[in-house]
Structure formats: structure tokens, C-alpha cells
Amino acid sequence: MRMSNLFVQTLREFPSDAEVASHKLLVRAGYIRKLANGIYNYLPLMWRVLKKIENIVREEMDNAGAQELLMPFVQPAELWQESGRWDVYGKELMRLRDRHDREMCLGPTHEEVITSIGREGIRSYKQLPVNLYQIQSKFRDEIRPRFGLLRGREFIMKDAYSFDANEEGLDKSYKIMAEAYKRIFERCGLETKMVQSDSGAIGGSVSHEFMVLVNDKSENNAGENDVFYCTKCSYSANSNHAVSVLNEAVTTGKYEKAEIIDTPSTHSIEELSEFLNVSSTIICKSLIYVIDGKYVLALIRGDRTVEETKLMNAFCGNEIRIASAGEIEEIMKESGFNAVAGFIGPKGLKNIEIIADETVKDLKNFIIGCNQNDKHMVGANWGVDVELPDRICDIRLVEENDKCPECGSSLKVTRGIEVGNIFKLGTKYSKAMNATFTDKDGKEKPFIMGCYGIGISRTAAAAVERHHDEHGIIWPLTIAPYTVIVVPVSDQDVQQMEVAQEIYKKLQNKKVEVILDDRAERAGVKLKDADLIGIPYRITVGKTIKDNLIEFKTRATGEIELITPEAAIEKLTENIS
RNA sequence: CGGGAUGUGGCGCAGCUUGGUAGCGCACUUCGCUUGGGACGAAGGGGUCGCACGUUCGAAUCGUGUCAUCCCGACCA
């Protein structure tokens, strides 16, 4: 490709609306252009990168025995009503009506459609296992799209779905996908960590996410997830799913007698522990949440934080939020109290489900809210002063330096970008949608399913997050839009231009993806653009051409070699083979 | 959905307080000159100042509304 023909506009400055490196650089280097909030044009350079990633994905998926197909982007509401998700998916599902007033939606994911394909096409266990995938644009009407391609509303995704006759089959399919994913990201030049995760709205039991770890806390961090990992063993999990063994803590308070005492204006645990001069580990914190419209009181040790996803899952909910001051007032009124947040406790509350984190059950002589403003009960004990709730489970957020649940070493935390995930769906969709096959024993059984996603456009953005410097993008060779850019320093130097043209043609003949910067620009402009766009190799044809030498620069290392044009061509043909 | 901020040529911004018919840098066009890290000179083209209503002789500027965009929050009682 000749640079003079390439459709790309690099900008002198970063766009004002971008925060993170990948967003800034992809816009500035002319790869993407925003069309609407969370919706981007993929310009020619970007599209080449995306196709490279797609092709790696295709090769590995095909090698893993999956077959590519393509499902519609617009889907009928009926399918979603069948699975039951039409009512639970919420506002992220972009709904619309056609001219006949039939309800439709834009596909955010394709479990329903694939299940309908499976139930029509697979009749016998002899046809199993089957793994089908597609690469396609998805649309999710995100609450808050941000970070350019990292969280867009429209994005490109590879989604695969497996059908098996039994759990063992699913385990096998799942494992095959996990291995394929590892290879895919490796080939894209990305180191990933496979972490345990919550299975969220898609449903199912076991799931893992593939995270690109972004540790750099100094700059704007594009990682939207916290990942806890063990320093000794292989345990790692998304914070919404991570569990831990707690370090020892003081759990017996100094108050030997239960009584209600004045604790004026102690709205937070911090204020309370300071006022009473006690450790926050002997305070029982009470929090009111709203899960799918129902009120829940959650109890947790004062030094700990509730992990909302875990709490929500304890109630099989879809939506969770903390109760507002108004709602708390309403709840209090119902039980004949008027306490505000900070003084709430479980005792005497009506019409509310109470759940406790494991951390509270060992508390003795502890401190707890008693639904009276500016007062707390001290020296409380379960079963004597306050009833221990029936439901006790792990609803807490893991913290750094907690102990690993598997080996007991300490846990660390880092930020991560989720580029892929794999789920064991089980029979969630096949049962709901009556998708069955005839098994060996002649009985009709629902498919055991799995689903497997990779964010193609997000993977590209994650690659930029991981691979860039102050001059621009540094694409991994395997997903770079072009392999090499040939830059004649002066377009007026006849010899330089001739040699550059010659190198360009020779590389083209050898099927090396090459750009010739034939623009009538000054050297500085061309060199800056080459760095910004991030082509892995640069051949600069300058004054040294008189000695038959060109400059061969590796973008990633900055290494520069003075070699002959022939040697450069040699290097590049070796590189791509 | 709450809180904050911003909307002025393709991009980045000034002008708004104190109303008088729109400006700078980059980019673009033509010419000259220049060619190893975003040169220089000259001459050009391009903007209903987000939109609507209002105040006024007159609105980018003041007021009301609305839309869009960005950030923060969706949070520990």
C-alpha cells in the first residue's frame, strides 16, 4: 500500500474526549472514529487489525473442532420470551419494533438463537458434541460506554456455543476451549490470566474469564476488573467471585454486659470505632440492599466490605443496589423505628430478609446498631441479645493479603481487562427452550451447553493498552495492520526514491505486508507517523544509500541496524514465514 | 438514574464577565522554498457559534428549555 493512497488521517493532538491510552492512540493514529456514544467506525487500518485477530481466532477455533456460522443480528422477542430473558435482561437489551409492530431486539449475545438452531438440527446423541461459533457485531446498550473500544455499545465479538450429551462431554468441550483461548491470546501477543468469575446474567455455574493484566497504577488504568491471585499457587479470581481465608483478628469485644449506649453522630464504622476506641473488627455492620425490588439486610464485620455480586447471587437476583435514605426511612417506619443509616440493626425489623456474612458469626461481646439514632448496643452476643440470621454465607469482598483458599498463601490484587470468557451453561437454555436430543437409552434429554466469548475489538484495544510508548502504538507483529513501512527520507532524492520503490516492490512480491511512505512530506512527519501508527518494522532509506545501506528499525525495541536492502528483505521474509 | 463540566470549521482551543455581525494553531488548496524526527513565506477555501424559544434596535455572548458529549457516583450505614 502506498501511503499517499492509504485512507488514514493522523492527528497532531490527542482527542479531547479520550481518557485511556488505547482510545487516545487509536483515534489519533487514524484507526477509529466515533460515530455516536460507544459506537465507532473501524477505518481501514483498524479493520486490518481486526481481521488479523479474527483470523487467528478462526484458525484456533477451527483447529479445536468448532464450525463457523453466522446468525442474525436482529432477533425476534419470542425467542427471548421463551428463555425467560426478555423480562430479566433489562435496558442493556436494545429493543425495537418492526413495521408490523412486532417486538425485536439487537443481539447482545446469541444463546437463544443457537439453542433454536440446536433443537432443530440435532436429533441424536450421535451428532454430539457440536461446537458452533460466529464473529459478528454485538449491541449492548451499556449504562455508560467509555474507554473507546474497551467498552463500546456496538463491538465485535466471537461467540461460540457447545452442545454435549452429558456433563463429562461439557467438561471436555470446556477444556478444549480454555486451551484454544490461551493459544489465541498468546498468538495475539497478549499474556492473559484465566481467572474464576461470576457467571452473571448469562446464567450457568462454572465460568472463567481471560484477563489481560494491567498493573500500571501510575497512569489512567483501563482495567475495569480487580483480579485476586495467589502468589504461590494457581488460584486467581475476579473480585466478584473471589473467596479467601481471613487472617486472625480480634473478634471479642471488651464489653461484658449487653447495654444500649449513646454514640452520637457515629454514622460510619470509622466514626464509631474511633468514638468507642475499639477495633472495627468487633462491630457488626448492617446494610440494607434492594435486590430485584426486595429489601435485604446484610450483616458483615465492620472492617469488611460487601461484594454486591456475591450478595445478589445469594438471592439469585438480577439487579442490586444499596437502599436510598428514603427507602430506609420507609423500612424503619414499618417496624416502628425511625433510625437512619449508621444506626440500623437486625433486631425487631419486619418484612426484610436478613443475611449474614461468615465474618459475623464468631463475634462476641460485639457492637451493633439497634435502630435508635445516636445509639448502639455494645456487648451483644448472638442468640442472647440478637438472633443470628438463618442465612450465613460468604458475601464479602476479598482484600489484598487475605489468605488463598487453596493453599493459604497471601493474595494479591491487580487490574485486568476481560478479553474472553468461557461458561458452563448446563441445561439453562436447553430446558427453558425445550431443546432436546435422543440419548443412547432412547430418552429425550436437554442439551448440556457451554458458551465461549472473545471480544475481538476489545482485544485489539487491550493490545494497544499493553503495547505502546510515548510515540505511539507498538503492534505485536501478528496483529499489526502492516509488517513494515518503507520511508524514503527525501522524496526529492532520486536515488532514495528509486531504492525505496524497489524494496517496496520486492517485499510485495514476497507477500510481505508493506507500506511505502511516498508522500511529499518532510522526514520528520513521515517518521513521526510511522511511530504513531505502530508498524513493527521500518526501513528508512536515507543518505547511507550511497553505500548501499538502509536503516532497519524494530519499533518495539528501538533497535536500529544499518544493513543492505537485500539483508532487510531477507530478514522480513524470514520473519513472516 | 443522580452530581459536575463542556458544546464555536476536520482536530485542538480563544472570544462570553462588560451584547455591535467570529478568531488562533494544526489540517486542507495553490505557489515558492525546504528534506533524518511533526520547517518557513505568500495567497486562499471552509463555521446557521449544538438546537429551540425568549430578552434586545442588535445575541456566540444574557435568560429559559432541550439535546448531545465527557468525567465522577451508582458504594460500606
Kindly indicate the residue of the stretch A:4-33 that is more than 11 Å from RNA strand B (Cβ to nearest atom) and surrounded by 15 or more Cβ atoms within 10 Å (Cβ to Cβ) and also farthest from the chain's Cα centre (by Cα) among those meeting that condition.
A:Leu6
Name, by its number, the condition in (1) crowded, with 17+ Cβ neighbours inside 10 Å; (2) within 11 Å of RNA strand B (Cβ to nearest atom); (3) at pLDDT below 90 that does not hold for A:Ser324.
(1)
Suppose we filter A:Val384, A:Val413, A:Val340, A:Val398 for residues that are aliphatic (A, V, I, L, M), in a loop (DSSP other than H, G, I, E, B) and within 23 Å of the chain's Cα centre (by Cα); which single one remains?
A:Val398
Identify all residues within the stretch A:520-546 that are within 6 Å of RNA strand B (Cβ to nearest atom) and touching a strand residue (DSSP E or B) at 6+ places or on another chain (Cβ under 7 Å); write none if there are none.
A:Leu527, A:Asp531, A:Leu532, A:Thr540, A:Gly542, A:Thr544
Within the stretch A:134-169, restricting to residues that are at pLDDT 95 or above and touching a Lys or Arg at 6+ places or on another chain (Cβ under 6 Å), the one that is nearest to A:Met94 (Cα to Cα) is A:Met157
What strands (runs of 3 or more DSSP E) completely inside the stretch A:460-577 contain at least 2 residues that are over 42 Å from the mean Cα position of the chain (by Cα)?
A:560-563
Pull out all pairs, ordered by first then second residue, where Cβ-Cβ is under 9 Å, the residues are six or more apart or on different chains, the first lies in the stretch A:352-367 and is aromatic (Phe, Trp, Tyr) and modelled with pLDDT under 90, and the second is outside any helix (DSSP H, G or I) and surrounded by 17 or more Cβ atoms within 10 Å (Cβ to Cβ).
none
I need the full set of residues from the stretch A:329-338 which are closer than 15 Å to A:Gly293 by Cα and buried (at least 18 other Cβ atoms within 10 Å of the Cβ), in order please.
A:Ile331
Taking the stretch A:284-300 and keeping only residues that are surrounded by fewer than 22 Cβ atoms within 10 Å (Cβ to Cβ), closer than 25 Å to A:Leu363 by Cα and either in contact with a Phe, Trp or Tyr (Cβ under 7 Å, 6 or more places away or on another chain) or among the β-branched types (Val, Ile, Thr) (or both), one is left with A:Ile288
Hits in the stretch A:552-568 - residues which are within 11 Å of RNA strand B (Cβ to nearest atom), without any contact (Cβ under 8 Å) to a residue 24 or more places away in the chain and within 27 Å of A:Lys52 (Cα to Cα):
A:Phe552, A:Lys553, A:Gly558, A:Ile560
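The values are calculated or read from the model by the stated rules, or taken from the named source; none is laboratory data. Being a predicted model, the structure only gives us computed values, none of them experimental. FYI the Cβ positions are ideal-geometry reconstructions off the backbone, even for glycines, and counts take in every protein chain you see.
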